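Asks: Supplied in structure tokens, the structure appears directly below.
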Amino acid sequence: MFTSLATITPPDYPTLFFFERGQWWDYLMLIVVTVALTTVAWLAQRNKWVVLAVFIVIPLLLTVFWWPHSTEGTNSAGWFPIVKQYSALAGSLCLVALQYFPRLRYNKWYLLIPPFILAVNIIEAVIRDFQCFSIHGVDPSQGMVTWGGPWNIMNGIAGILNFLAISGWIGIFVAKGKSKAIIWGDLTIWWIIAYDLWNLSYVYNCLADRAWYSGIALLAACTIPALLPFGKGSWIQYRAYTLTCWSAVVLTFPHFMQDSMFAHRSAHNPTAMTLLAAASLIANIAVFSYHMWRIIKKKRNPFIQEVYSDTPSYARMVAEHASEDDKRRIAARLNASPHDLGYDAVY
């Protein structure tokens, strides 16, 4: 039974459609968090000492000395946030290994790890969206107000479509040069936008009062680089690194989003939830439909070939970042040469 709009208790604070009407420092902190996450991810992509500090030394010290006590009495308490942190950390270290152990880059079983982790995270959130459909009020498992409704079903379907449109994992390569960026070209900018709409809707539906930072800031921190020259193609690396860092921040400073001066609550607006879920569903239907059309028209097998490796944007990424060996490997899967696909062009 769908939630009646009349049963949703409006917040007792002023709102601006999606969120509460905040102070100027709320908006400034949103920018600070976004820039900080992107900067740490950018540094970790390029420097092994930053990787060692951020992904190994600091988490180990916090696990032993701080996290067992820091979350007591907050909605970040319990085992689940710790598991979330270490699953994100495992994903990040998996990508780090690709950078520093070249033999792994051509191991098909190892290359399954990034899409597997991505898929598990999507499906986990889809299941949670469907669960939240029946929650109306304070969620006893998290202590946050959650209003279930048709938006959960719409967004859950969008997440399934987003998961089904993952492809090109076998074509992941590490960029030549200093950046060591991990390039996954089949995660196109349109797939990323559809993912962002779905994930933002999920956080707004199921973790409403965390959506300001865990939704907007966290997604912006990995999507903005993917739109810029230095980060094109490496969205998965920025997503893994920023998610790992943010999970650690939530455990280390659990009051930051809950009751500090920077806490920025949801408006719990059913119209906002509906519109966001509708945008998510429409975007993912469009991306999935085009993805299937291209697979059928081009006769691509998404398990052993890249679906988009003959597109101009993909060719540009390969030409600029791939080694000669990687160019030949990617082209060979389409029974073509690097020259045929424009991989030897100068941009």
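Asks: Over segment 225-307, what relative contact order in percent results from Cα pairs under 8 Å that are six or more residues apart?
Replies: 10 percent
Asks: Net charge within 15 Å of GLY148 by Cβ-Cβ distance, Lys/Arg positive one each and Asp/Glu negative one each, not counting GLY148 itself?
Replies: -1
Asks: Which angle between 0 and 90 degrees, to the nearest 10, do you get for helix 150-164 versus the longest principal axis of the chain when only C-alpha atoms count?
Replies: The angle comes out near 20 degrees.
Asks: Would you mind checking the tilt of helix 218-227 against the longest principal axis of the Cα atoms of the chain, expressed as 0 to 90 degrees and rounded to 10?
Replies: Once rounded, the angle reads 30 degrees.
Asks: Read through the labelled values (1) 1.30; (2) 0.94; (3) 1.02 and report the label of the one computed as Cα Rg over 2.2 N^0.38 Å from the structure.
Replies: (3)
Asks: Quick one: which of 80-87, 181-188 comes out on top by average Cβ neighbours within 10 Å, and what's the full order, highest first?
Replies: The most tightly packed comes first, giving 181-188, 80-87.
Asks: How many nm separate the modelled label positions at ILE285 and ASN301, each set 7 Å beyond the Cα in the direction of the Cβ?
Replies: If labels sit at ILE285 and ASN301, their model points lie 3.2 nm apart.
Asks: What order, most packed first, do the peptides 143-155, 63-75 have when packing is the mean number of other Cβ atoms within 10 Å of each residue?
Replies: 143-155, 63-75
Asks: Cα-Cα over 20 Å: which of LYS48/LYS176; LYS180/LYS232; LYS232/LYS327; LYS176/LYS232; LYS108/LYS178; LYS176/LYS327?
Replies: As for pairs spanning more than 20 Å Cα to Cα, those are LYS108/LYS178.
Asks: Label-point separation (nm) for ASP344 and LEU112, each offset 7 Å from Cα along Cα-to-Cβ?
Replies: About 3.6 nm, to one decimal.
Asks: Shifting gears a bit: List the aspartates and glutamates whose alpha-carbon lies under 20 Å from that of LYS297, not counting same-chain residues fewer than 8 positions away?
Replies: Straight-line reach from LYS297, under 20 Å: ASP186, GLU306, ASP310, ASP340.
Asks: Here is a further query. Can you check what the net charge comes to around LYS327, using other residues whose Cβ is under 15 Å from the Cβ of LYS327 (Lys, Arg +1; Asp, Glu -1)?
Replies: Net local charge, LYS327 excluded: -2.
Asks: Relative to the longest principal axis of the chain, what angle (0 to 90°, nearest 10) does the C-alpha long axis of helix 235-252 take?
Replies: 30 degrees
Asks: OK, next. If we count other beta carbons within 10 Å of each Cβ, what is the order of SER280, SER247, SER260, fewest first?
Replies: SER260, SER247, SER280
Asks: Sort 268-278, 12-22, 159-169 by packing, meaning the average of other beta carbons within 10 Å per residue, with the highest value first.
Replies: 159-169, 268-278, 12-22
Asks: Would you look at the GNM of the chain, springs on alpha carbons closer than 10 Å, and say which of GLN237, GLN99, GLN23 moves the most?
Replies: GLN23
No lab work stands behind these numbers, since they all come straight from the coordinates. Because the structure is a prediction, the values reported are computed rather than measured. Note: ideal-geometry Cβ built from the backbone for every residue, glycine included; neighbour counts use all protein chains shown.
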